[in-house]
Every structure is written in structure tokens, then in C-alpha cells.
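What follows is a set of notes on a single structure, which appears directly below.
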Amino acid sequence: MAFRTKLGFFSAACLYTITSYILLLRDGNFIVRLAFALHNQDMVENTNRLSATIDRYLIHPNSLSLLLFTIASLSLVWFYLRLICAKPKLFTRQDLLFYTLTVIVIFLSFPSLSSDVFDYHATNQIVFVHHANPWQTPPLTFLDQDPLVNLGSWINRPSIYPPITFAVYAVSYFIFGSHPLISLIGYKLTATLFFFLIVYLCGRLAPSYHLNPTKTRLLLATNPLLLLEFIGNAHNDLVMVFFFVLSLYFFSQKRHTISALSFGISFLSKITIVVYWPVLVNRLLRQSPLSTLLKYSLTTLICVSFGLALMDPAVTNYLQVVVDQNQTHLQSFPYLIKIITDPISAHFPPLHLASFLPLVLFALFYLKIITSRLKLTDQLAAVMLAFLFVQITMLHPWYFAWILPLTPFIRQPKLRWLVLATTASGFARYLAYDLSLYYQPLAPSWQIIIYAFMAAPLLFLLALPNKWYTKIRFFKSLSCSKS
């Protein structure tokens, strides 16, 4: 790697970490809740004083955080492209040093982009402090007794996370304790562990696809969106992704029973992974004996059933929470359809059927993909890409982790770039959200603008001619092949 590129990537990471603390100044509500939880009311006064000082001598904290985050985002994406598209060289000690420092710097950032990690903490408080069932009892129930539960953003509903994810983060809570900032270190270490397990596992999977393991790992390990969302913000999605990649690894080795068990555990980590299951089943239906298909399907179903049984008697309530969550429409294609049709459907009731349009489009696309002759990983990537941008009712940047680990294994160059472009989509979402804070972020118009920002990188790449991806050197450089 070129020294300037490594230095630029590291500097951009440093700028992001600084910005993550400035971002706290724009959210006075979170500071109040954090001060209340820590029994440190001086924190509010000190934060207000710091915010006023920045406003007096520089610019308003909102504007400062937007400016710095924009610079950091563009720099991270730019230097990431420089890293992965450069002529491949050996990974030197200097490369390793710069990368290690970058990871440490991002680890030291504050999870200002999302408060989900504090929802995990609230769930653990419910279990270990209040001895209640997290799938039946919302954190709000204990707000008067336990100010720590107030740090989350979904305190009015029970936990939406299945048992495997809960168990993984419960181990972290058990080790690091209940203090929100100390436990945050534990949650970050957990996310970091799964991040590097996925990077390692993808390298092990690479030879099965005739890819260079080092290039494969580099493509994922240096992805700035993955670094920020998981090492920086400690999201739990990588638990699901790890077991899915593990399932894919065993699938490629034709060890279908272990693959099915891994997929079942992935489902019990986050149920949205079910989007991939019909693709895998269809592949077995077309290429393997019926006995193999039945064994794979039954093993997966038994694993999932056993895991859900562990939640008894809260299974029904948990599934209802999942359904209710999917009724929340924000920054997504279904929300766009809803905004367009709702005013008219009041006068023309049949137009309510338009709410099924995203599902119909996704189902038709899904059917087309699984009946095509695309390679397995291309089919998986295509259906998940469609799910994220067409079907899902609320799209967040960290959801792109569900698809980004497939990037090195995608055969079609254009599809590979579309998947990689979700990295830019994640950063674009945060920039659009920061802009919306000057107005009304939850207003329908701004929710559509935020979705448009996320879709823009993919729409741009879709508009480019297919031949560019095989003729132009820049596009051709995104390959992890051994040649």
C-alpha cells in the first residue's frame, strides 16, 4: 500500500473519532439521559458550556459536526477505494501497523451514530437486574427504578433480538458489568471479535471461489462503513453475519448438515437472514439429491424450532413485536409508496392495495433471480440488495453488513460494484440525516430525501453501461482473483 494512502485512511479515521464526540453535543436529550444514568448532573452543565464555547469561537456544533463528518466520510471512502483498487502488493509490517492504529482509533470513538448498543444494555439490565423476560417486558417498565434503561432508543417495546444475539451480548455484560460506559467497551470488543472472525472466515472461503485470500480479507477488513458501524458503534448484526458466512463456507464444502445448523443459528441471531434461505434450498433442489435437500431443510427447521422453544412462553409475544416493528415505515421504498398513495386512497380506497407493491416487486424479482443461472453468491447478493432497497420498511446503514461480506465472491462485475456501493449509501444516509436536523428529520419529505441519498450511489452505477465494468481499468481493479 502507498504510504500516503495509508496515512490518509488513518487520518480520516482520527477525524471521525473526534467528530463522534462532537456529534454528542447536537443531542442534548441523550446527554441528559446519560447524566441521569451516571448520576452526574454536572455533565449537562459542562456539555452546554462546551457547546456554547464552540458556537462562540467557531460555528454551531451541528454545523461543525456536519462539516467534519462530511470530510471524514468522503476521505474514508476515497482512501478505501485507493486501497482496494491499487495494484496488489504484499501486506507489510508497516501496513499492519497503520491498520492496527486505525482500528484502535475507531474503537475509541463514541457510538454517536446510533444508540442501539444501549438497547442491548437495557435488555441485559432487564434480565440480570430485574429478572424479567426481555421478550415480554419493555425497558420502560423499570424506568423509575433503573435510569440505565433510559439510554436505549426502543425502550417502549420488548427486545426484538432472538436468543443467540442476546446470549452473546449477555456474556459481555456478565464480564464487564452494568456501568454503561465500561460495558460499552465489552460490547465493542464483542463486535470487533465477530468482525475479525468474519474477515478470517471469508479468507478461508476464498480458495473455494478461486480468489486470493489476502485480497479478500483486505477488501472487507478496510471497509470504512463496517469499521465504523461495528468497531465504532458495536451493532450486533455481525453475529448473524458470522454464522451465515460459516454456513456458506460449509455449504461450499458440501457439508450440508453443519451448514444447516450454522444457518439456523444465524436465524436465531437475527431473523432477516431468512431472505437467503430459499436461494440455498433452491440450489440444493437443482444440484443435489432429494435426500440432501430434505436433510438440509429439516436440520435448519429443527435448529430454529429448538432455539425458539428456549424463548417459551414469550415466542408469540416476540413474533408480534417483530410484526409491529415491520409496520414502522421510515426512509425506505415502502415508505415512499405510502406517502404517495395515502392521501389519494382516502378518496379512492382500492389504492390501499398499492401498499403491497414493494412486496410484489420483490417477489417477482426474487423468482427471477432464483430461476436464473447466476452463481450462488450472485443470487444471494441480488436478492438481499432488492430486499434492502425495495422491501424493507426501515433502512439503516448497518443493514448493509448483511450483504457486504459477499462482495469478493460475486462473479458479475457490475453487481459486485453495486454491493460495494452500499458503503457509500451508508455514509450518504448520515449526511442526509445531519442536513435534516436543520429542518424536521421525521417529516415525510426528509425521510424520502434520506432514502434517495442512500439509493443514489446504486442508481448512478446502474446507469453506467455494462461494458464499462469489464473494459475500464478502474472498475476491473475490484477483483480478488488470484491472477
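Please treat every number below as a calculation from the coordinates, not as lab data. Here the structure is a predicted model, which means the values were calculated and not measured. Please note: Cβ atoms are built from the backbone with ideal geometry, for glycine as well, and neighbour counts cover all protein chains shown.
Add +1 for every Lys or Arg and -1 for every Asp or Glu among the other residues with Cβ under 15 Å from the Cβ of Tyr200, and state the total. Neighbour charge sum, excluding Tyr200 itself: +3. Peptides 159-165, 254-260, 371-377, 107-113 ordered by packing proxy, namely the average of other Cβ atoms within 10 Å per residue, highest first: 159-165, 107-113, 254-260, 371-377.
Restricting the calculation to Cα atoms, every distinct pair contributes to the Kirkwood radius of the chain, found to be 23.7 Å.
Counting only C-alpha contacts under 8 Å and six or more residues apart, can you give the relative contact order of the chain as a whole percent? All intermediate terms of the calculation are to be shown ahead of the outcome.
Details: 647 pairs, mean separation 69.5, N = 483.
Averaging sequence separation for qualifying contacts and normalising by length gives 14 percent for the chain.
Put the Cα centre of segment 398-419 next to the Cα centre of segment 282-340 and the gap is 22 Å. Under 5 Å between amide hydrogens, built in the peptide plane, is the criterion, and for Arg411 it picks out Asp378 among residues at least 5 positions away or on other chains.
Restricting the calculation to Cα atoms, segment 114-324 shows an Rg/Rh of 1.01 when the hydrodynamic-style radius is the Kirkwood one. A helix-only calculation puts the chain at -20500 deg cm²/dmol for mean residue ellipticity at 222 nm, using -39500 (n - 2.57) for each DSSP H run of at least four residues, averaged over all residues.
Of Lys471, Lys270, the sequence from fewest to most neighbouring Cβ atoms within 10 angstrom is Lys471, Lys270.
Can you give me the Cα centroid spacing of segment 254-268 and segment 70-142 in angstrom? Between the Cα centre of segment 254-268 and that of segment 70-142, the gap is 26 Å. With kT/(6 pi eta Rh) evaluated at 37 °C and eta = 0.692 mPa s, and Rh the Kirkwood radius from Cα pairs, segment 379-470 diffuses with a coefficient of 238 µm²/s according to Stokes-Einstein. Just need the relative contact order of segment 380-483 here, percent rounded to a whole number, with Cα pairs under 8 Å and 6+ apart. So the answer I get is 28 percent.
Listing Phe128, Phe475 from fewest to most neighbouring C-beta atoms within 10 Å gives Phe128, Phe475.
Available extension along the chain between Leu140 and Phe3 is 44.3 nm, counting 0.36 nm per residue and deducting the alpha carbon span. Using the average count of surrounding beta-carbon atoms within 10 Å as a protection proxy, the listed peptides 356-363, 200-207, 221-228 rank, highest first, as 221-228, 200-207, 356-363.
Taking the fewest neighbouring Cβ atoms within 10 Å as the starting point, the ordered list for Met394, Met454 is Met394, Met454.
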